[in-house]
Amino acid sequence: MAATNSKLLLADIASGIKNVPSNYVRPISDRPNLSAVNSSDVPIPLIDLQGLHGPDHSLIIQQIGQACQFDGFFQVKNHGIAESTINNMLRIAGEFFRLPEEERLKKYSDDPSKTTRLSTSFNVKREKVSNWRDFLRLYCYPVEEYAKEWPENPPCFREVVSEYCSSVRELVLRLLEAISESLGLKQHTIIADSLGRHGQHMALNYYPPCPQPELTYGLPGHTDPNLITILLQDDVPGLQVLRHGKWLPVNPIPNTFIVNIGDQMQVLSNDRYKSVLHRAVVNSDRARISIPTFYCPSQEAVIGPAQDLIDPDHPPVYRSFTYAEYYHKFWDRGLATECCLDMFKTASSSS
Ligand code: OGA
Ligand code: NI
């Protein structure tokens with residue numbers, strides 16, 4: 001069976017140890033420096049979507065535009081996703097990671113092209129230092145196509161996750177319209193229309209408690225390669241976002257989602273909106289679960305700066321490319337801090 005020659009899952013080695021195994025220890029120059037975290041700065045914007053289709057419409061569009069431009073991150077409340085859908089999703093993720101090892105390992109694979117897989121760290125085939133994370137990665141759009149590959153345990157996994165994915169997709173489509181409008185694009189479906197058949201993936205991230213959190217990362221600093229990410233986190237802090245060269249924590253607020261701009265949105269917006277570095281740190285007390293939904297173009301979709309945003313004062317910053325080309329470069333490189341976007345700049349903007 002594939003599982004027998006695979007890496008051990010972190011969750012199964014982390015419990016009861018006093019020291020982080022050496023393959024998780026970062027060089028001194030590349031540690032989280034947790035005491036330097038910028039906890040007193042203003043948090044990322046929290047946007048109330050309640051009035052998006054009412055009298056406050058233009059105010060909310062403006063808030064979204066500002067957040068995309070200056071923070072690359074914002075949180076949303078009154079987003080239309082039922083509290084029960086959120087709680088069921090978090091609960092089922094916790095139950096999955098508490099299943100016996102042998103049950104979880106049924107989905108183990110090191111191959112990033114697999115559409116359903118459990119793995120550990122980031123890309124075990126490429127990286128020198130491991131990350132303090134296990135994850136279950138699921139393709140989830142169209143949901144009928146992929147749900148049959150998902151775990152059968154816990155028993156209601158497929159039902160709960162299907163409902164969650166469909167609700168998140170609706171939220172994404174609303175946000176894409178709002179973001180198109182905030183960019184001044186005349187046609188508000190233009191971003192959604194440029195994504196081909198659309199892709200939606202999610203990760204169930206599990207960060208076990210770590211005996212020496214100052215030596216390692218859950219995930220080191222990276223930008224997301226996709227279009228837009230909608231992250232659900234449990235009540236344990238760990239996400240940090242880079243602002244003015246300092247790491248800012250994004251502390252959990254119940255029933256809110258964290259939205260961030262990915263590399264493809266930076267390209268489509270011709271650099272108006274920023275795909276910002278973020279990371280996940282771990283702690284010694286409690287396991288943490290986070291559930292990002294990565295919304296993306298389909299592989300054959302051709303991505304480039306939106307025509308409406310190009311004029312003599314704003315020449316295209318990026319060349320056009322297929323999402324497949326971008327995605328392969330991203331997984332190949334491992335999680336390098338330098339954003340993959342630089343490899344796609346036009347000759348005139350890369351000097
Ligand atoms: C990711 C990510 C952050 C978190 O999976 O891309 O940034 O808080 N996760 O787990
Ligand atoms: Ni990320």
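The values are calculated or read from the model by the stated rules, or taken from the named source; none is laboratory data. Being a predicted model, the structure only gives us computed values, none of them experimental. We place every Cβ from the backbone using ideal geometry, glycine too, and count neighbours over all the protein chains shown. To get the accessible areas, we keep the full protein, side chains included, count just its heavy atoms, and leave off ligands, DNA and RNA. Shrake-Rupley method; radii C 1.70, N 1.55, O 1.52, S 1.80 Å.
Just need a number here: residues in segment 254-312 that are within 14 Å of ligand 2 (Cβ to nearest atom), over 20 Å from Val172 (Cα atoms) and aliphatic (A, V, I, L, M).
Of the residues in that region, 3 qualify.
Given (1) away from ligand 1 (no atom under 13 Å from the Cβ); (2) modelled with pLDDT of 95 or more; (3) open to solvent by less than 40 Å² (accessible area, probe 1.4 Å), where does Leu341 come up short, assuming only one miss?
Against the list (1) away from ligand 1 (no atom under 13 Å from the Cβ); (2) modelled with pLDDT of 95 or more; (3) open to solvent by less than 40 Å² (accessible area, probe 1.4 Å), Leu341 comes up short only on (2).
From the residues in segment 209-221 that are surrounded by 21 or more Cβ atoms within 10 Å (Cβ to Cβ) and either in a loop (DSSP other than H, G, I, E, B) or charged (D, E, K, R) (or both), which one is nearest to ligand 1 (Cβ to nearest atom)?
Top of the filtered list is Gly218.
Name the pairs whose Cβ atoms lie under 8 Å apart, with the first residue in segment 208-226 and among the charged types (D, E, K, R), the second assigned to a loop (DSSP other than H, G, I, E, B) and modelled with pLDDT of 95 or more, and 6 or more positions between them or separate chains?
Glu214/Arg31; Glu214/Pro32; Asp224/Gly262; Asp224/Ser275
Within 13 Å of ligand 2 (Cβ to nearest atom), open to solvent by 20 Å² or more (accessible area, probe 1.4 Å) and touching a residue at least 40 places away in the same chain (Cβ under 8 Å): does that describe Phe330? Before the answer, list the steps.
Numbers: within 13 Å of ligand 2 (Cβ to nearest atom): yes; open to solvent by 20 Å² or more (accessible area, probe 1.4 Å): no; touching a residue at least 40 places away in the same chain (Cβ under 8 Å): yes.
Spelling it out, it is not the case that Phe330 is within 13 Å of ligand 2 (Cβ to nearest atom), open to solvent by 20 Å² or more (accessible area, probe 1.4 Å) and touching a residue at least 40 places away in the same chain (Cβ under 8 Å).
Please tell me if Ala67 is at negative phi, surrounded by 13 or more Cβ atoms within 10 Å (Cβ to Cβ) and out of contact with any Cys (no Cβ under 6 Å at 6 or more places or on another chain). Steps first, answer last, please.
Values: at negative phi: yes; surrounded by 13 or more Cβ atoms within 10 Å (Cβ to Cβ): yes; out of contact with any Cys (no Cβ under 6 Å at 6 or more places or on another chain): yes.
The answer is yes for Ala67.
For residues that are β-branched (Val, Ile, Thr) and loosely packed, with under 11 Cβ neighbours inside 10 Å, scanning just segment 15-62, find the one that is farthest from Tyr217 (Cα to Cα). Let's see the steps before the verdict.
First pass over segment 15-62, keeping only residues β-branched (Val, Ile, Thr): 17, 20, 25, 28, 37, 42, 44, 47, 60-61.
Next, from what is left, pick out any that are loosely packed, with under 11 Cβ neighbours inside 10 Å: 28, 42.
Working: Ile28: 13, Val42: 24 Å.
Filtering first and then ranking leaves Val42.
Only residues in segment 100-113 that are modelled with pLDDT under 95 count as the first member; pair them with residues that are open to solvent by 40 Å² or more (accessible area, probe 1.4 Å) and not in a loop (DSSP other than H, G, I, E, B), Cβ under 6 angstrom, at least 6 apart or cross-chain, and list the lot.
Listed by first residue and then by second, the contacts come to Glu101/Asp12.
Test each condition in (1) under 21 Å from the mean Cα position of the chain (by Cα); (2) closer than 30 Å to Glu214 by Cβ; (3) open to solvent by 20 Å² or more (accessible area, probe 1.4 Å) for Phe96 and report the one that comes out false.
(3) is the only condition that Phe96 fails.
Counting only residues that are of a type in the set (Gly, Ala, Ser) and either assigned to a loop (DSSP other than H, G, I, E, B) or open to solvent by 20 Å² or more (accessible area, probe 1.4 Å) (or both), which one in segment 278-298 is nearest to Arg91 (Cα to Cα)? First the steps, then the outcome.
Taking segment 278-298 as the starting set, the residues that turn out to be of a type in the set (Gly, Ala, Ser) are 280, 284, 287, 290, 298.
Still in the running and either assigned to a loop (DSSP other than H, G, I, E, B) or open to solvent by 20 Å² or more (accessible area, probe 1.4 Å) (or both): 284, 287, 298.
Numbers: Ser284: 21, Ala287: 13, Ser298: 30 Å.
So the residue we want is Ala287.
Consider only pairs whose beta carbons are under 7 Å apart and that are at least six residues apart or on different chains; among these, list those whose first residue lies in segment 135-155 and is closer than 14 Å to Lys106 by Cα and of a type in the set (Ser, Thr, Tyr) and whose second residue is outside any helix (DSSP H, G or I) and open to solvent by less than 30 Å² (accessible area, probe 1.4 Å).
none
Out of all the residues in segment 222-241, is one or more farther than 28 Å from Ser167 by Cβ, within 14 Å of ligand 1 (Cβ to nearest atom) and surrounded by fewer than 20 Cβ atoms within 10 Å (Cβ to Cβ)? I'd like the intermediate steps shown before the answer.
First, the residues of segment 222-241 that are farther than 28 Å from Ser167 by Cβ: none.
No, because not a single residue in segment 222-241 is farther than 28 Å from Ser167 by Cβ, within 14 Å of ligand 1 (Cβ to nearest atom) and surrounded by fewer than 20 Cβ atoms within 10 Å (Cβ to Cβ).
Name the residue that is farthest from the chain's Cα centre (by Cα), counting only residues in segment 250-273 that are buried (at least 24 other Cβ atoms within 10 Å of the Cβ) and β-branched (Val, Ile, Thr).
Checking each candidate, the answer is Val267.
Where the second residue is assigned to a helix (DSSP H, G or I) and surrounded by 12 or more Cβ atoms within 10 Å (Cβ to Cβ) and the first is touching a residue at least 40 places away in the same chain (Cβ under 8 Å) and lies in segment 297-316, which pairs have Cβ atoms under 6 Å and are six or more apart or on separate chains?
Pro297/Tyr323; Gln299/Tyr323; Gln299/Ala324; Ala301/Tyr323; Ile303/Gln264; Ile303/Val267; Ile303/Tyr323; Ala306/Leu268
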